[in-house]
Amino acid sequence: MNIEELTIESLIKGYKDKQFSVTEIIKLHLERIKYHDKDLNSFITVTEKEALEEAVKKDKMLSNGNTDHPLFGIPIGVKDLFVTKDIKTTAASNVLKDFTPVYDATTVKRLKEAGAIILGKLNCDAWAHGSSGENSDFGPTKNPWHTDYTPGGSSSGSAASVAASFTLASTGSDTGGSIRLPASFTSTVGLKPTYGLVSRYGIIAMASSLDSIGHITKTVYDNAIILNVTAGTDGMDATVVPNKKTDYLKNIIKDIKGLRIGIPKEYIDKGLDADVKIIFKEAVKVFSRRGAQVEEVSLPHTEYAVACYYIIQPSEVSSNLARYDGIRYGNDRTFFGDEAKRRIMLGTFTLSSGYYDAFYKKAMQVRTLIKKDFEKVFENFDVLVAPVSPTLPWKLGDKVNDPLKMYLSDILTVSANLSGHPALSVPAGFSQDKNLPIGIQIIGPHFSEHIIYNVAYAFEQETLYYKQKPNLI
Amino acid sequence: MKINIKKIAKLANLTLNSEEEVKFEKQLTDIVNYIDKLNEVNTTAVEPTAQVTGLVNVSREDNSAISSLNQEDALKNTKSKHNGLFKVKAILEEK
């Protein structure tokens, strides 16, 4: 059994067929982390003791034939933005470096109840502020495909851990692209669900109207298995829309003949790296080969999305981070890193008297126009397909001294956060020169994740990129 | 656009040294000049969007039996407590 080839799907079957025990599998993954993660820095905390204890419990259940849980014995990682009861949770910031939550986030609770075993807490940009993992107070995570390069952010550790086969799934959050970008940079599958599908309860808030709670896996099928567990109301998050959850596996294998796919021209027109453009054009051909109808569409307000996002998000950040005063928990505000300070101040400025109308209110109006762009296109198309990043993964250090340059990496992802639309990043190939991963994203109408998975599955089974794995040193 | 970094830092409850004031003022000015491009967009009669779900007035029963943090848990992560309370700096002076 090759640990790299394991998926949630194959592991569940392996347990049922008694091919191995849960303890064997958990030990295997923990050893791999012990051996390789010093080169990648994807974990902030590894919960070896707790994971092995849980594995023993699961093996008892296994011997009693009690394995019905959908994630029975599956090793997972949790982004350190999600509170985990009695397990240190830092948000990758020195403000919370000694913080131990007293409850579990809903997502964590549901994954545990479904049988998953948490191997540890994953590194990310502090407070989820970043696109590269370089804003972590615990050191940057490296890209398993090429350790001089970023794995993308802010869910840097989540993507790296799945790509490196340390976990079979890792949770993440996507406020401006923070799941899709790292997934596309590591050749993994990353979902940003519809805003309002998955509860945000227990996830350290970044921008409350933009935060979307998702996850990264090796395959599309695995990704849908996880969403079946995390989606739906929980009585703790007033922004989760009732009765929208569905069975994400039901029609995943259907063919996509006649499906109408739109390619937003503003995402292709300017500024795509040559490699990204080539890969994207090849990817689009795959959908046509599978019988889908592919046509160009327009999202006219695309060029304003970054400006709109970098007003609304910091404004909400400045409010959400006001609670960190070191009184009830954590260290005081002198422990904030530079990026956090930048975003808090930017948001304070855009919300301040005399500037609120020109910035925040204006941005909220542009947000309406961006949302309407999508709604108009979805009147005639089932999904949209677009690149995730205009560039290849960049070298660690390349953008750290230029915050605005870093913000512009989000240009193709932020619109879906502003409008609330779901989007899935899937592997689409590798660059010619250095074999760096490139992904594409499939964007759908609100609550259409089951359609997105169907399209993604067809693409994945045609291209089989998930079979390629990085060489860990 | 000129950003009054001292005023903003005070409003944001952040302490900056003079080096940081210079650095952040420049970086924030660059960013604000970029986001200013939103002024190119015609937003006459456009309703602002605060959140995208369309949900309004979501509430639950006013039931105090629903679990909340007990006192011990609430105090668990503070660095300064006394007699089951958070201890903070004095805000009132003795006359």
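The values are calculated or read from the model by the stated rules, or taken from the named source; none is laboratory data. Just so it is clear, the structure is predicted and the values come from calculations on it, not from any experiment. Cβ atoms come from the backbone with ideal geometry, glycine included; neighbour counts cover every protein chain shown. Ligands, DNA and RNA are excluded from the accessible area calculation, which covers all protein heavy atoms including side chains. Shrake-Rupley method; radii C 1.70, N 1.55, O 1.52, S 1.80 Å.
How high is the relative contact order of segment A:167-258? Use alpha-carbon pairs under 8 Å, at least six apart in sequence, and give a whole percent.
Details: 147 pairs, mean separation 27.5, N = 92.
30 percent.
For the protein assembly as shown, give me the percentage of DSSP beta bridges that are antiparallel, rounded to the nearest 5 percent.
70
Just to verify a number: FRET efficiency for B:GLU93 and A:LYS57, C-beta to C-beta distance, R0 = 60 Å, to 0.05?
Efficiency at R0 = 60 Å is approximately 0.60.
Would you mind calculating the relative contact order of segment A:409-473 from Cα pairs under 8 angstrom and at least 6 residues apart, reporting the percent as a whole number?
Computed over segment A:409-473, the figure is 29 percent.
Per Stokes-Einstein, at 10 °C and 1.306 mPa s, what whole-number D in µm² s⁻¹ belongs to segment A:362-433, with the Kirkwood radius over Cα pairs as the hydrodynamic radius?
109
Principal axis extents for segment A:49-167, Cα atoms only, whole Å, descending order, please.
Taking max minus min along each principal axis of the Cα atoms, segment A:49-167 gives 46, 34, 22 Å.
Using the Cα atoms of segment A:1-108, I'd like the radius of gyration and the largest Cα-Cα distance, Dmax, both in angstrom.
Over segment A:1-108's Cα set, Rg and Dmax evaluate to 15.2, 46 Å.
With the cut-off at 1.5 for a/c, could you classify segment B:39-87 from its C-alpha gyration tensor as rounded, prolate or oblate?
oblate
Ranked highest first by the average count of other Cβ atoms within 10 Å around their residues, in what order do A:424-432, A:371-379 fall?
Details: A:424-432: 24.6, A:371-379: 16.7.
Top to bottom by mean Cβ count within 10 Å: A:424-432, A:371-379.
Please list, by residue number, every one of the trypsin sites (Lys or Arg not before Pro) in segment A:246-329 that is coil in DSSP and has at most 12 other beta-carbon atoms within 10 Å.
A:LYS257, A:LYS270
If you filter segment A:5-39 for trypsin sites (Lys or Arg not before Pro), then keep DSSP loop positions with at most 15 other Cβ within 10 Å, what is left? Walk me through the numbers before you get to the answer.
Details: sites: A:LYS13, A:LYS16, A:LYS18, A:LYS27, A:ARG32, A:LYS34, A:LYS38; in loops: A:LYS18.
Sites meeting the loop and neighbour criteria: A:LYS18.
Inside 10 Å of the C-beta atoms of A:352-362, what's the mean count of C-beta atoms belonging to other chains?
Taking the mean over all residues of the peptide, I get 3.
List the aspartates and glutamates whose Cα sits under 17 Å from the Cα of A:LYS254, skipping any in the same chain fewer than 8 residues away.
Those aspartates and glutamates meeting the cut-off are A:ASP222, A:ASP382, A:GLU449, A:GLU460, A:GLU462.
In degrees, nearest 10, range 0 to 90: what is the angle between the Cα axis of helix B:18-35 and the longest Cα principal axis of chain B?
Taking the Cα atoms of chain B, the angle to B:18-35 is about 60 degrees.
Per-residue mean of other chain beta-carbon atoms within 10 angstrom of the beta-carbon, peptide A:330-342? Numbers along the way, then the final one.
On the way: counts 3, 1, 3, 4, 2, 0, 3, 0, 4, 0, 1, 8, 5.
Taking all residues of A:330-342 together, the mean is 3.
When you take every Cα atom in the protein assembly as shown, what is the radius of gyration, and what is Dmax, the widest Cα pair distance, in Å?
Reported Rg and Dmax, both Å: 23.0, 83.
Return the calculated 222 nm mean residue ellipticity for chain A, to the nearest 500 deg cm²/dmol, obtained by summing -39500 (n - 2.57) across DSSP H runs with n ≥ 4 and dividing by the residue count. Spell out each step's value before the answer.
Details: 15 runs with 170 residues, N = 473.
Only helices count here, giving -11000 deg cm²/dmol.
Beyond 32 Å between alpha-carbons counts as too far, so tell me which of A:LYS142/A:LYS341; A:LYS109/A:LYS244; A:LYS277/B:LYS2; B:LYS6/B:LYS87; A:LYS88/A:LYS372; A:LYS85/A:LYS341 fall in that bin.
A:LYS277/B:LYS2; A:LYS88/A:LYS372
How far apart, in nm, are two points set 7 Å out from the Cα along the Cα-to-Cβ line at B:TYR34 and at A:ASN2?
4.2
How shielded is A:204-215 by partner chains, expressed as the average number of their Cβ atoms within 10 Å of its Cβ atoms?
The mean count of partner-chain Cβ atoms within 10 Å per residue comes to 1.
Please list the three semi-axes, largest first and in whole Å, of the ellipsoid equivalent to chain B, using sqrt of 5 times the eigenvalues of its alpha carbon gyration tensor. The partial results should precede the final answer.
Working: eigenvalues 301, 188, 31 Å².
Working through the eigenvalues yields semi-axes of 39, 31, 12 Å.
Run the simple label-point estimate for A:GLU296 and B:ILE66 please: 7 Å along Cα→C-beta, distance reported in nm.
Modelled inter-label distance: 5.1 nm.
Just by accessible area at a 1.4 angstrom probe, what is the order of A:TYR356, A:TYR35, A:TYR324, B:TYR34 from largest to smallest?
Heavy-atom accessible area, descending, gives A:TYR35, A:TYR356, B:TYR34, A:TYR324.
Using a 1.4 Å probe and counting only protein heavy atoms, arrange A:PHE335, A:PHE359 so the residue with the most accessible area comes first.
Ranked from most to least accessible, the order is A:PHE335, A:PHE359.
What are the extents of the Cα atoms of segment A:138-180 along their three principal axes, in Å, largest first?
Principal extents (largest minus smallest coordinate, Cα): 25, 21, 19 Å.
Would you please name the GluC sites (Glu not before Pro) within segment B:4-89 that are DSSP coil residues with at most 16 other C-beta atoms within 10 Å of their C-beta?
Sparse-neighbourhood loop GluC sites (Glu not before Pro): B:GLU61.
Which residues does the label zone of A:LYS257 cover in segment A:432-460, counting backbone N under 17 Å from a point 7 Å along Cα→Cβ?
A:455, A:458-459
Between A:ASP39 and A:GLU24, what is the label-point separation in nm under the 7 Å Cα-to-beta-carbon projection?
The answer from the label model is 2.6 nm.
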